[in-house]
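> There's a structure below that I have some questions on.
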Amino acid sequence: MATIQASLRRRKLTVAVAESCTGGLLSAVLSAHGGASDVFVGGMVVYSNEAKMVLADVAPQLIHAHGAVSSVVAGALARGSRVRLRAKIGLGITGIAGPGGATPGKPVGLTYVAVDSDKHSAVRKHVWTFDRAGNRLATVGAALDLLEAAIA
């Protein structure tokens, strides 16, 4: 994390997050090291659909059409966090950490991680096979990987 923080600082970039299934874990990791306030603007835990809409400006139509756990909603979360918190880069996470919550076509462990900036946007789909804690940790790792790629 210190390397990502140094890269963000060197490039004068800031990051904000809107995370669902990780419940604030990504924000905790991004703020764990001294000096984090130079690059980490803040994060939103948007566990409910209403929170996704109200806090991260996810359009209700996107949730209704694609479901809260979808690439489209992950991208909207990333964009919403960036815009709402006035950061240069936004990260969005949505998924099913487990052990419950699976639906037909959306198994436990399904997670979408997104990054959004003026120069780069991407969404990655993952299907983890860990327990709840492992799925959450793997998702945070995937988000950090995506952030690192966006600032490289």
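> Between residue 129 and residue 65, 0.36 nm times their residue separation minus their Cα-Cα distance comes to what?
Gain in length upon complete extension: 20.4 nm.
> If you average the alpha carbon positions of the stretch 78-152 and of the stretch 21-49, how far apart do those two centres end up, in angstrom?
Between the Cα centres of the stretch 78-152 and the stretch 21-49 lies a distance of 13 Å.
> Taking only complete DSSP H runs, can you tell me which helices of the chain stretch 18 Å or more along their own long axis by Cα positions and average at least -1.0 on the Kyte-Doolittle scale?
71-84, 132-151
> With +1 on each Lys and Arg Cβ and -1 on each Asp and Glu Cβ, how big is the dipole of the chain about its Cα centre, in debye rounded to the nearest 20?
The calculation lands at about 340 debye.
> What is the local net charge at residue 135, summed over the other residues whose Cβ is closer than 14 Å to its Cβ (Lys, Arg +1; Asp, Glu -1)?
Net local charge, residue 135 excluded: +2.
> When a/c is below 1.5 the answer is rounded, else prolate if a/b is larger than b/c, else oblate, so apply that to the stretch 1-55 with a ≥ b ≥ c taken from the square roots of the Cα gyration tensor eigenvalues.
Note, shape of the stretch 1-55 comes out prolate.
> Between residue 32 and residue 122, what FRET efficiency follows from the Cβ-Cβ distance if R0 is 35 Å, with the result rounded to 0.05?
Efficiency at R0 = 35 Å is approximately 0.90.
> Continuing with the same structure: Could you tell me what percent of the DSSP beta bridges with both partners in the chain are antiparallel, to the nearest 5?
60 percent
> Can you check what the net charge comes to around residue 53, using other residues whose Cβ is under 14 Å from the Cβ of residue 53 (Lys, Arg +1; Asp, Glu -1)?
Result for the neighbourhood of residue 53: +1.
> What is the ratio of the Cα radius of gyration of the chain to 2.2 N^0.38 Å, with N the residue count, to two decimals?
0.96
> May I pose another question? Report, ordered by chain and residue number, the aspartates and glutamates lying within cross-link reach of residue 88, taken as a straight Cα distance under 20 Å and ignoring same-chain residues fewer than 8 apart.
19, 38, 57, 116, 118, 145, 148
> What number, rounded to the nearest 500 deg cm²/dmol, is the helix-based mean residue ellipticity at 222 nm of the chain, given -39500 (n - 2.57) per DSSP H run of at least four residues and division by all its residues?
-12500 deg cm²/dmol
> Once the other residues with Cβ under 12 Å from the Cβ of residue 8 are scored (Lys, Arg +1; Asp, Glu -1), what is the net sum?
+3
> Along the positive direction of the dipole of the stretch 1-68 (beta-carbon charges: Lys, Arg +1; Asp, Glu -1; about the Cα centre), which of 47, 36, 68 reaches farthest?
Farthest towards the positive pole: 36.
> What FRET efficiency comes out for residue 10 versus residue 137 if R0 is 30 angstrom and r is the Cβ-Cβ distance? Round to the nearest 0.05.
In this case the efficiency is close to 0.65.
> I would also like to ask the following. Say we join alpha carbon atoms closer than 10 Å with springs in a Gaussian network model of the chain; which of 22, 129, 139 then has the biggest fluctuation?
129
The numbers here are math on the coordinates, done by the rules we state, and not lab data. Because the structure is predicted, anything quoted here is derived from the model rather than measured. Cβ atoms come from the backbone with ideal geometry, glycine included; neighbour counts cover every protein chain shown.
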